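The values are calculated or read from the model by the stated rules, or taken from the named source; none is laboratory data. Quick caveat: nothing in here was measured; it's all calculated off a predicted structure. As a convention, Cβ positions derive from the backbone with ideal geometry for all residues, glycine included, and neighbour counts pool all protein chains shown.
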């Protein structure tokens, strides 16, 4: 998938500019908007039929989905808050995908990142907030980064499949977190909810001014743009894409594939670890089992829906954030069970994937020449 | 298709109170109505913790002038803040019941500060003087009901060995284990309780394994403290052991093996709260009670419970309801031989020391870490 | 033993009992996935299939009163989800790993959606065969109460092993997995072979789900499968696409899962979170030891996207 997931901007740049025909020039770009859009509409139609089978009015459904996700300023903030961690965890899958690796362990890196960030904050309570926050970012990135680098190193040096090892590392990471949070790191006063001590209100990173959305969104957008530039506009990214397309070719041109794997895995894990740090520093204020809320797993979905393109991750994360934001309204107004959000996500995902088959096949977009 | 039929009937039942017709966009909350929001951490049909709360919410739905909105499977992250805000902003909720322990800090506190005119009733008994006045936290002394279960179990066991499948070694769980054991010792001074911690609130396979391991050790009466006791009840009954239920009445699952159980009585408490508010009375911020206050109750005795056991249990139940009876009455030793409550010390139900319980009493096999 | 207890013997007995009880879903899913992956496709969606199978088996058993009809329904549901997976994957340029993740969500969501009214009722359960009649020790008798699905699973492993080597279908599946060009040159449709292999895999995974809801733990609820389907898919790669190794791996995984509670019941109480993670740590450790950077994955079907 990775080799085909060409990015829209570059695809346009590459297309011959000799013929100034509109479709000729923008056909591919239009495709990249039109096809996923049509897939989305198709998925919503199928979901509408599904709920209609249970006696609900699909028009109500669409209205409440819109209202819950984007209908009011509050809904927008709700959506963006939920999207924020997804951008970062999606990068944990999308970056290694450039190398043809399938990493599904973002959840584990998130937990370890959160644990590292909390540890450092608790270790330097005397430091001024800004120092603590910077230390937390570093610790989160390094903790999460090393966690996924472990999967990358096992692949490189021991030939262990990275998909499995990263998944196993999720369960192991969760066990370590629980073990520490209920053991040596436990705040004795966290009686019935075993947690670490709090990092302190002064060290919290708070919300973007004028909104309820925490700074994690900005971190996510910046990381997505940085990843995009790294992958598509640097030699390093070019080498990664070459290696992802064909490892042997990469070796022939003298690329150090091992080094690439380790560095990309570190960045990927670092993104998820940063998401964990933000959950601590912007939301929970401490580490406990609440952090395992599945952001890492939803991030996999986001990455695949965005076809592993770091920039496309942003709108896809917002879309999925919107779906989960509207899920509550569907439960309350239509009496649908919570699982309807999962069903809808599954249907959208299936449609978007199936629509991959349509690229380059829509006659009128191919131009007349 | 049969599935569609039963699901539809079920859904209609579940949503009867929130049906809106199909009028798009009409704010349904009529001015005279009070809208109450219920938030559950798991599925409200879990036959356990969440279902007990949903039964309480169902009792409110029957009252006039009330509209109840519900949302299930809301994780203990900022998602619960957004759900609360959504219920307030989009549904007009003025009284909220976030029913999971982990919602309180920081999420409910944050929302209570943000909406000072609205009322938040959290389940968990966590309120302290520092917290906002419009937030409250209630909980039940369900160890009283566990004590009664213990008495019945003590009479019913032949091997003198009781089993307890528990999620985590936190004070609330330890208190239940200890009360169950102390009750059993009233009936049979030689009775012991073996405890196995599964590590999390809902792990059916682990719970089944724990149940089997306990029975392999000679245990013949079991109870539990996990979110959904169904797995333990069914698997124990299959192996011919007796069970005491938890959260809700599970006797239909194993009518012959079911002795009694410790149940929540939210159906009684929630209407009481609403009536107090309607009458202009203030609900105490920290509201706790046991059998006497009708916050907890015992399941009706099963057919296997002997007349002697019924008499003894009823006798103690009457004393608890009358007040003045103390379960944790010194001297009490822990299972390492250390005195934890000295002779002459009575730790009544409201004693804050009991909230910090970190020991297992003499007669319990197991360790807190 | 006079007092009816067996002391420390609980641990080996629980590990054995656990290997039999807990391993069955792993076994069915991994054998099913083995067929699918041997044909050159990976179906990560078996987690969703497992849960759908568990729910539909419970629902049909509850409505019809016959648990075996439930097992059949679970298998058919699984095969249909497999067909859906194969159908979407047969479109050009569609990534099978991604489709698997999509169907994992879809299957899980659909099962939770339709399964809400099934949590409370009790459905007819699969019977167990009493292999422990010879023993006086109730613990041994309990551990030897074995469900026939487990025996079927154990029987399927060598049959599959044999079938892959010697039967025409086995060879066709392997050819499709090793080189789709070769299969095409022989005049067979690769998509058609993979469709059948994926449906067969889904069928087995669905039956694995029915074991969860109809035998052990033996009821339907939403926490029933905590990642067992996806772990079983991982086991296939761990087992190098060899059905016999899938059998041993599943048994080891089941036994390891029983270790934590059993150790607690005899008084080993510290670090139970780490003991609960034992199966995962064990798998990772074995993979680190047995893999080699030189030959990444011996036995890997060459067409498999995950190993390419």
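Okay, here's what the table says:
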| quantity | calculated |
| --- | --- |
| All positions within segment A:41-73 that are in contact (Cβ under 8 Å) with a residue 12 or more places away in the chain, within 8 Å of chain B (Cβ to nearest Cβ) and under 27 Å from the mean Cα position of the chain (by Cα) | A:67, A:68 |
| Condition check for residue A:291: crowded, with 23+ Cβ neighbours inside 10 Å, over 14 Å from the mean Cα position of the chain (by Cα) and either on the phi > 0 side of the Ramachandran plot or touching a residue at least 60 places away in the same chain (Cβ under 8 Å) (or both) | yes |
| Segment C:226-251 residues that are modelled with pLDDT of 90 or more, paired with ones that are crowded, with 21+ Cβ neighbours inside 10 Å and outside any helix (DSSP H, G or I) (beta carbon under 8 Å, 6 or more apart) | C:241/C:301; C:245/C:239; C:246/C:239; C:248/C:239; C:249/C:239 |
| Exclusive hit being over 18 Å from residue A:260 (Cβ atoms), within 13 Å of chain C (Cβ to nearest Cβ), free of Cβ contacts under 8 Å to residues at least 60 places away in the same chain and surrounded by fewer than 21 Cβ atoms within 10 Å (Cβ to Cβ), set A:159, A:183 | A:183 |
| Selection within segment B:49-73 - more than 10 Å from every other protein chain (Cβ to nearest Cβ) and on the phi > 0 side of the Ramachandran plot | B:65 |
| Test: residue in segment C:27-45 that is surrounded by fewer than 24 Cβ atoms within 10 Å (Cβ to Cβ), within 13 Å of chain A (Cβ to nearest Cβ), in contact (Cβ under 8 Å) with a residue 12 or more places away in the chain and outside any helix (DSSP H, G or I) | no |
| Any chance residue B:76 is more than 12 Å from chain A (Cβ to nearest Cβ) and either surrounded by 24 or more Cβ atoms within 10 Å (Cβ to Cβ) or touching a helix residue (DSSP H, G or I) at 6+ places or on another chain (Cβ under 7 Å) (or both) | no |
| Residue match in segment C:297-305 (condition: within 14 Å of chain A (Cβ to nearest Cβ), in a helix (DSSP H, G or I), in contact with a helix residue (DSSP H, G or I) (Cβ under 6 Å, 6 or more places away or on another chain) and crowded, with 22+ Cβ neighbours inside 10 Å) | no |
| Some residue of segment B:177-187 being within 14 Å of chain C (Cβ to nearest Cβ), assigned to a helix (DSSP H, G or I), under 22 Å from residue B:251 (Cα atoms) and in contact (Cβ under 8 Å) with a residue 60 or more places away in the chain | yes |
| Residue match in segment A:258-271 (condition: touching a residue at least 12 places away in the same chain (Cβ under 8 Å), closer than 25 Å to residue A:77 by Cα and out of contact with any strand residue (DSSP E or B) (no Cβ under 6 Å at 6 or more places or on another chain)) | yes |
| Filter result for residue A:340 (over 30 Å from residue A:177 (Cβ atoms) and at pLDDT below 90) | no |
| Failed criterion for residue B:276 (all others in (1) part of a loop (DSSP other than H, G, I, E, B); (2) not assigned by TED's automatic domain parsing to the domain that holds residue B:147 hold) | (1) |
| Criterion violated by residue A:308 - all others in (1) assigned to a helix (DSSP H, G or I); (2) more than 14 Å from chain B (Cβ to nearest Cβ) satisfied | (1) |
| Of the criteria (1) modelled with pLDDT under 95; (2) in a helix (DSSP H, G or I); (3) under 30 Å from residue A:133 (Cα atoms), which one residue A:243 fails | (3) |
| The one condition in (1) closer than 25 Å to residue C:213 by Cβ; (2) assigned to a helix (DSSP H, G or I) that residue C:125 fails to fulfil | (2) |
| Exclusive hit being free of Cβ contacts under 8 Å to residues at least 12 places away in the same chain and either loosely packed, with under 13 Cβ neighbours inside 10 Å or touching a helix residue (DSSP H, G or I) at 6+ places or on another chain (Cβ under 6 Å) (or both), set B:325, B:301 | B:325 |
| Residue in segment B:326-342 that is under 27 Å from residue A:192 (Cβ atoms), in a helix (DSSP H, G or I), at pLDDT below 95 and not assigned by TED's automatic domain parsing to the domain that holds residue B:243 present | no |
| Residue in segment A:40-49 that is exposed (fewer than 13 other Cβ atoms within 10 Å of the Cβ) and modelled with pLDDT of 90 or more present | yes |
| Total residues in segment A:113-156, condition closer than 26 Å to residue C:233 by Cβ and free of Cβ contacts under 8 Å to residues at least 12 places away in the same chain | 1 |
| Residue in segment A:269-289 that is out of contact with any helix residue (DSSP H, G or I) (no Cβ under 7 Å at 6 or more places or on another chain) and farther than 15 Å from residue A:89 by Cβ present | no |
| Residue that is nearest to the other protein chains (Cβ to nearest Cβ) [pool: residues in segment A:318-351 that are in a loop (DSSP other than H, G, I, E, B) and either over 24 Å from the mean Cα position of the chain (by Cα) or over 23 Å from residue B:91 (Cα atoms) (or both)] | A:335 |
| Matching residues, segment B:199-253, being more than 9 Å from chain C (Cβ to nearest Cβ), in a loop (DSSP other than H, G, I, E, B) and in contact with a helix residue (DSSP H, G or I) (Cβ under 7 Å, 6 or more places away or on another chain) | B:226, B:241, B:248, B:250 |
